[in-house]
Amino acid sequence: MLAYIIRRLLYVVPTLLGVNILVFVLFFMVNTPDDMARQALGEKNMDPLQVERWKEAHGYEVPLFWNGEAKGVQCLTKTIFFRKSLAMLWGNFGHSDMTQESIGGEIRRRALPSLCVSTPIFLATLLINIILAMIVATKRGSVSDMVTQFLCVALMSISGLIYIIAGQYFFAKLLRWTPVSGFLQGMDMWKFLVLPILVGTVSGIGGGVRLYRTLFLEEINRDYVRTARAKGLPESQILFLHVLKNAMIPILTNVPLQLLTLMMGNMLLENFFSIPGLGGYTITALGAQDFAIVRAMVFLGSVLYIIGLLLADICYSIVDPRIRLG
Amino acid sequence: MTRVEYVIHLKEGVKYQPHPCFAKEADGTPSYKGVKSSEIAGIKSIASFPKQDSRIMTAEDFKVALTRLCDTRLSSPIYSTFLSFITGMDECSEAIKAEVARLEEEQQKRGLNPERYSVLPDYRKIPLKGIEIVDDKTFKVIMPRKYPQALYWMSLHFFSPVPYEALEFFAEPAIVDAGFAFKNWPIGTGPYMMTDCNLRDFLTLKANPNFRDDFYHWDGSAEDKAAGLMADEGQKMPFIKQIRFQFERESIPVWIKFLQGYYDTSGIPSDMYDAAVNMETNGDMGLSPEMAEKGMQMISSVSATSFYLGFNMLDPVIGGMDPKQKKLRQAISIVLDYQEYIDIFMNGRGVMSQSILAPGIYGCQEGKEGVNPFTCRWDEESQKIVRLDVERAKQLMVEAGYPNGVGPDGKPLVLHYDASGSGSQSKTGFLWMREKLSKLGIVLEERLTDLNRFRDKVNKGDWQMLMTGWVADYPDPENFLFLFASENGVVASQGGGSNKTNYSSPEFDKVFHQLESMNNGPERMELIKKALRIIQEDAPCCWGYHPKSLVLTHGWLKNYKPHHMAKTFKKCLRIDTEARNAFRRKYNQPILWPGYIGILVVYACGLLLIWRKKD
């Protein structure tokens, strides 16, 4: 197992380097530093002198990959690739192009609000999905199964934006039960989290119930379930002790993949509910065309996804001993 | 004239806000010089530093501010403008560059990374010919030419005094490590000081205890008096003790919070327009009865902004100064009825332009006087400006050599509209334009590109028609008319100018250069009229519209009158907190009965299930 983990960790290094190069090429080949300067300066300050000064002030005045004017190792280090992209590999995300604030500092500050919203949503959605899926799986073909499936498809078909706007309209504006949006640190935080968590949970139910129902149905029809029933075990014991345990393997192995969503937050939710998390940070940066932040968030997202995949592989080998990793 | 001096006398006793940069120990050394990170751990706001002090503003602070703008590392957006009228900015910039290089070398030797900890040149000692300190309270700004608009530039925040102690404080490595930066924590002598700075979430300003004696005074009209804008005459400002700016990313939550009384003012989201605005029978806009009942007010004002459809004067078809080409542009300008555009696409929130000058700017004539005779006429019956008939446009097309839109080659005239946006608003706007031009037989095609390519096209003059605009920097006609000066042509100046249409007319240039450095008066007014008439006839643009902003305020917010130039009116605002609290109590009581019904339904369902199971 240890050898497997070490080998996978070694795979991560070239993957991250590849992602880093790809992100750099995508951002800088499509959008040159001159373009970035002009976008940041706006219509009124487009003269070449201002563009050059902006590039100099933001560290974009050097060549992209190779600095022919520099000497020695500086040919490589005095480049935009080294300064702005490669530095992300050792956790230096640089500074925002617009406000010059430290991106690393902002990521650290915003991770907690994102987790405060996304963790309860993730746990509540997982729990509700499993319970509902198990109930409808045992009643396959019944009216309640069909009604639930219909509702699930309906829930999946509605855009996430509608849940947010409707939630804000009914619970905050009409019934005045919760604040419309905002965020407070400390004990009063829950007041602002109730509505986004409710909205996030409801919007995540449809697809999850359908997926888990399929997983449970596969298990319910297996021989060991038939044997358990023949032995006269109560239905609840069969479901919770045997079916759930086996169906949880694919569910649990998917959990680490959610690391990305947990950490990066939900862009729409955070934006509409003014939660100072990473999702809102990314979407604001996109709107302001702050490419330094967008680049950092894309790279961070890739890193988290790679870590999630690694954890998923490890979980898989732990929860299912039949799987042998060579 | 080669040297113009402005002598500036500072008011006596103007003090800075309390700030840790001024705090000193008994021996006179700054309290935070060489401070260690552990000593300031946990401090999140400049206002939370335990040691604070202040001092009187001096002339040297203005020298520091102006010299600092020459530092290339700042990338100040105002540098190019100041360079054009303040002597010695470029030389100063070079001197700073050399000094920065020297300091960085020294710093590297000390083992400090200059990229992380920026070096600080002593701006007090670096010479700048454009500023001369006479004494502590007096300084001169020296210019190579007469430029009256300099006063407007000097009233902008770029010219605010900067105490050198503040720059030293923010250059301390521990202060940098703690995340404090001068650009995010401004220091000043004004009515408010920043106490929370969270750029992407919120900002908090608190009343500056050292603010000078400044008393409310308003030379308003009878209308202003009736609106209660003079009720606080003679009272000391500021009235509000704390202002919090919340960064909201979406318009609907802002609107709901405004209705709930958590925001004092709000714009009107387009989706909520019908709920907030009542169109009167005469076309005027009024507040809806529901809003008026809650004590809200609607304040509308025309902003000092011009939007217009530009024609590329370098284009062989649509551009050029030949009479035929002028007539083609005039014909197009007649059929593009921007009053209709305002009514359809902007809910009436705009004023149709007759020239580049926005209402309120000196030289902008309104009503009958201001009619652009080449595209519009005054309608006595409605007492409004209306577009000339389409027949006149068709006649102009014939004179331009395009009868029914057909050119000398027998083919329909095809024009191209260049744009960078692909949103629904721009698409419908284009369709409206195409439909209007089809009345003249002109075929309009759209050429969409991303913003960067679009800017490249503008810089190279590779376009025919585009929509553009200008927001005034200061309330002077020069700030609009310079958009048509030959030397500012985007192509001619290789992207350095703002004359996007690349219009070039020696006649206009002559008039413009006469009026640009003149003080307002009858002579200047005549020249402005002449300049406007030249560009109205040459039609390098189809004059579009000046947007109107609508702001809703709650009744408890007093002394509010928007100003599109000055941002310093916060000190005049007053809030009736009792009225605000009463409103919040009245309109934010939770409605609980649906919740009780929900609980009952769940309870009943539970009972039903138990009963069925028992049965």
Q. Taking θ as phi - 60°, what are the ³J(HN,Hα) couplings along segment B:369-383 by the Karplus curve (6.51, -1.76, 1.60), each to the nearest whole Hz, with x for Gly and Pro?
A. 4, x, 5, 7, x, 7, 10, 9, 8, 8, 9, 4, 5, 8, 6
Q: Take the solvent-accessible surface of the protein heavy atoms, probe 1.4 Å, and return the percent of it on chain B that carbon and sulfur atoms account for.
A: 53
Q: Name the helices (complete DSSP H segments) of chain A with a Cα length along the long axis of 24 Å or more and a Kyte-Doolittle mean of at least 1.6, or state none.
A: A:2-30, A:291-319
Q) Residues of segment B:54-93 with amide nitrogen under 16 Å from the 7 Å Cα-to-Cβ point of A:Glu61? A) B:69-77, B:79-80, B:90-93
Q. Considering only DSSP states other than H, G, I, E and B, which GluC sites (Glu not before Pro) in segment B:508-565 qualify as loop sites with at most 16 other Cβ atoms within 10 Å?
A. none
Q | Within segment B:38-53, backbone nitrogen closer than 19 Å to the virtual label 7 Å beyond the Cα of B:Glu25 toward Cβ | A | B:38-41, B:49-53
Q: May I ask you to derive the FRET efficiency for B:Arg244 and B:Asp379 from their Cβ-Cβ distance with R0 = 45 Å, giving the value to the nearest 0.05?
A: 0.40
(Q) I need the calculated FRET efficiency for the pair B:Asp322 and B:Leu151, taking r as the beta carbon distance and R₀ as 30 Å, to the nearest 0.05. (A) 0.15
Q) Can you list the aspartates and glutamates whose alpha carbon is less than 19 Å from that of A:Lys139, not counting same-chain residues fewer than 8 positions off? A) A:Glu218, A:Glu219, A:Asp223, A:Glu235
Q: Would you mind checking segment A:263-299 for residues with the amide N under 15 Å from a putative spin-label position 7 Å along Cα→C-beta of A:Thr15?
A: A:299
(Q) With just the Cα atoms defining each centre, how far is segment B:376-430 from segment B:13-86? Give it in Å. (A) 56
(Q) Give the list, by residue number, of cysteines in chain B with no other Cys Cβ closer than 4.7 Å, or say none. (A) B:Cys21, B:Cys197, B:Cys364, B:Cys376, B:Cys541, B:Cys542, B:Cys572, B:Cys605
Q | B:Asn588-A:Leu161 FRET efficiency (beta carbon distance; Förster radius 22 Å; 0.05 resolution) | A | 0.30
(Q) Taking the Cα centroid of segment B:126-157 and of segment B:453-529, what is the distance between the two, rounded to the nearest whole Å? (A) 26
Q) How large is the dipole of the protein assembly as shown about the Cα centre if only Lys and Arg carry +1 and Asp and Glu carry -1, each at its Cβ, rounded to the nearest 20 debye? A) 3260
Q) Roughly speaking, what is the stretch gain from B:Val602 to B:His217, that is 0.36 nm per residue apart minus the C-alpha to C-alpha distance, in nm to one decimal? A) 132.4 nm
Q | 5 angstrom amide H check on A:His95, placed H, neighbours 5+ away | A | A:Ile103
Q. Relative contact order (percent) for chain B, with alpha-carbon contacts under 8 angstrom and 6 or more residues of separation?
A. 15
Q: Determine the dipole magnitude for segment B:117-193: charges of +1 sit on the beta-carbon of Lys and Arg, -1 on that of Asp and Glu, nothing else is charged, the reference point is the Cα centre, and the result goes in debye to the nearest 20.
A: 560
Q: May I ask for the longest run of chain A untouched by trypsin sites (Lys or Arg not before Pro) that are loop-located per DSSP and have at most 11 neighbouring C-beta atoms (other than their own) within 10 Å?
A: A:72-230
Q) With charges set only on the Cβ (+1 for Lys and Arg, -1 for Asp and Glu), what does the dipole of segment A:2-90 come to about its Cα centre, in debye to the nearest 20? A) 500
Q) Dipole of the protein assembly as shown (Lys/Arg Cβ +1, Asp/Glu Cβ -1, origin at the Cα centre): which of B:Pro161, A:Trp177, B:Ile240 lies farthest to the positive side? A) A:Trp177
Q. Residue by residue, what Karplus-based ³J(HN,Hα) values in Hz, rounded to whole numbers, does segment B:86-96 have, using 6.51, -1.76 and 1.60 with θ = phi - 60° and x for Gly and Pro?
A. 10, 5, x, 5, 5, 5, 4, 4, 5, 4, 5
Q) Which residues' amide hydrogens lie under 5 Å from the amide hydrogen of B:Cys541, considering only partners 5 or more residues apart or on another chain, with H built in the peptide plane? A) B:Phe311
Q. How large is ³J(HN,Hα), in whole Hz, for each residue of segment B:106-117 in order, when computed from phi with the Karplus curve 6.51 cos²θ - 1.76 cosθ + 1.60 and θ = phi - 60°, using x for Gly and Pro?
A. 4, 5, 4, 5, 7, x, 9, 6, x, 6, 8, 10
**Q.** Loss of accessible area when A meets B, both sides summed, Å² nearest 100, probe 1.4 Å
**A.** 4000
Q. Along the charge dipole of segment A:2-90, Cβ charges K/R +1 and D/E -1, which of A:Gly18, A:Leu2, A:Gln50 sits furthest on the positive end?
A. A:Leu2
Q: Considering the options A:Gly186, A:Ile130, A:Met156, tell which one lies farthest towards the positive end of the dipole of segment A:104-325, charges being +1 on Lys and Arg and -1 on Asp and Glu at the Cβ, about the Cα centre.
A: A:Ile130
Q. Contour minus end-to-end for B:Lys411 and B:Glu115, with contour as 0.36 nm per residue of separation and end-to-end as the Cα-Cα distance?
A. 100.4 nm
Q: Mind jotting down the distance between the C-alpha centroids of segment B:229-267 and segment A:91-151, whole Å?
A: 35
Q: Tell me which residues come under 5 Å, amide H to amide H, from B:Tyr417 once H is placed; ignore anything under 5 positions away on its chain.
A: B:Glu445, B:Glu446, B:Arg447
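The values are calculated or read from the model by the stated rules, or taken from the named source; none is laboratory data. Everything numeric in this text was worked out from a predicted model, so none of it was measured. Reconstructed Cβ throughout: ideal geometry from the backbone, glycine too, with neighbour counts over all protein chains shown. With ligands, DNA and RNA removed, areas are computed over all heavy atoms of the protein, side chains included. Shrake-Rupley method; radii C 1.70, N 1.55, O 1.52, S 1.80 Å.
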